[in-house]
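J.: Could you have a look at this structure, given as structure tokens, before my questions?
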Amino acid sequence: MKAKKIDDNQLPLYEILVDENDETGMKLISLVDTPAIGVKGMMFSEEKQSQLYFKTEDEKQIIVGPALIPDIKIKRKDEDGNEYYVTFSAGTIEKMVQKFNKVGSNRRINIDHSNRMADGFIMEDWIIEDPTYDKSKKYGFELPVGTYMIKVKIEDKDFWMNEVKGEGKFGFSIEGLLDQKLISLSQTEETMDELIDNLTLTELC
């Protein structure tokens, strides 16, 4: 029997949750070539290559971009291949960033959600509070209030040349342990027993 294809609009939608008093939250930032949020960062180098969103400046090996954008739907797939969407509210993003900075893990960066760590660190991070005057405008971004922005310094010249510039790894993705609640479910063949209660997030890229 041929499996019935489910329209994207009929997939369940979950809201990601974070509790200030447990282990849920963001643990790591990963450099990827295709971020789930669909918006890559901007790299700052001495070369001008507009197709990769470079800017012409002194060689800095810096990447600036969004890691989380509120209220967008991100498609995920569980271990059994069932697809669904998750979304982050602005309030949840704020809680995640506060916990991330508080516990001191906010300087750790890996590559493609692997055990390979990048030779770099988060120079600065912030949440957009004003759509007109936020510093993200300086970098050419048009993003909503509540977006989590990151500025990363890459110290390894070879990694910068080969993977950031060569392979396009200048998108940000998060890792962590996150809870979720069902906020929307289409009246299709799915049942509550087929849905996930909790999301242990090893990657959200």
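Only the coordinates and a few stated rules stand behind these numbers; no lab work does. Worth saying up front: this structure is predicted, and the values here are computed from it rather than measured. Note that we place each Cβ from the backbone using ideal geometry, even for glycine, and neighbour counts take in every protein chain shown.
J.: Shape verdict for the stretch 84-165, please, from the Cα gyration tensor: rounded (a/c under 1.5), prolate (a/b greater than b/c) or oblate.
T.: Details: a/c = 1.85, a/b = 1.41, b/c = 1.31.
The shape class here is prolate.
J.: Further question on the same structure: Go through 20-28, 109-117 and give me the packing order, highest mean Cβ count within 10 Å leading. Kindly include the intermediate steps, with their values, before the conclusion.
T.: Working: 20-28: 16.0, 109-117: 14.3.
Highest-to-lowest ranking by the protection proxy: 20-28, 109-117.
J.: What chymotrypsin sites (Phe, Trp or Tyr not before Pro) does the stretch 101-179 have in DSSP loop regions with at most 14 other beta carbons within 10 Å? Please report the intermediate quantities before stating the final value.
T.: Values: sites: PHE121, TRP126, TYR133, TYR139, PHE141, TYR148, PHE159, TRP160, PHE170, PHE172; in loops: TYR133, PHE141, PHE170.
Taking the stretch 101-179 and a limit of 14 other Cβ atoms within 10 Å, the loop chymotrypsin sites (Phe, Trp or Tyr not before Pro) found are TYR133.
J.: Now a separate question. Ordered by residue, what ³J(HN,Hα) values in Hz, to whole numbers, does the stretch 88-103 give under the Karplus form 6.51 cos²θ - 1.76 cosθ + 1.60, where θ = phi - 60° and Gly and Pro are x?
T.: 10, 7, 4, x, 5, 4, 4, 4, 4, 5, 4, 5, 4, 6, 5, 7
J.: Something else: Shape of the stretch 61-121 from its Cα gyration tensor (a ≥ b ≥ c, root eigenvalues): rounded if a/c is under 1.5, otherwise prolate when a/b > b/c, or oblate?
T.: Working: a/c = 1.95, a/b = 1.30, b/c = 1.50.
Judged from the Cα gyration tensor, the stretch 61-121 comes out oblate (a/c at least 1.5, b/c at or above a/b).
J.: Work through the residues other than ASN21 whose Cβ is under 14 Å from its Cβ and net out their charges, Lys, Arg +1 and Asp, Glu -1.
T.: Working: positive: LYS95, LYS99, LYS102; negative: ASP19, GLU20, ASP22, GLU23, ASP179.
Net of charged neighbours comes to -2.
J.: Short version: ³J(HN,Hα) in whole Hz for each residue of the stretch 114-122, in order, from phi by Karplus 6.51 cos²θ - 1.76 cosθ + 1.60 (θ = phi - 60°), x for Gly and Pro, what are they?
T.: Values, residue by residue: 10, 7, 7, 8, 7, 7, x, 7, 7 Hz.
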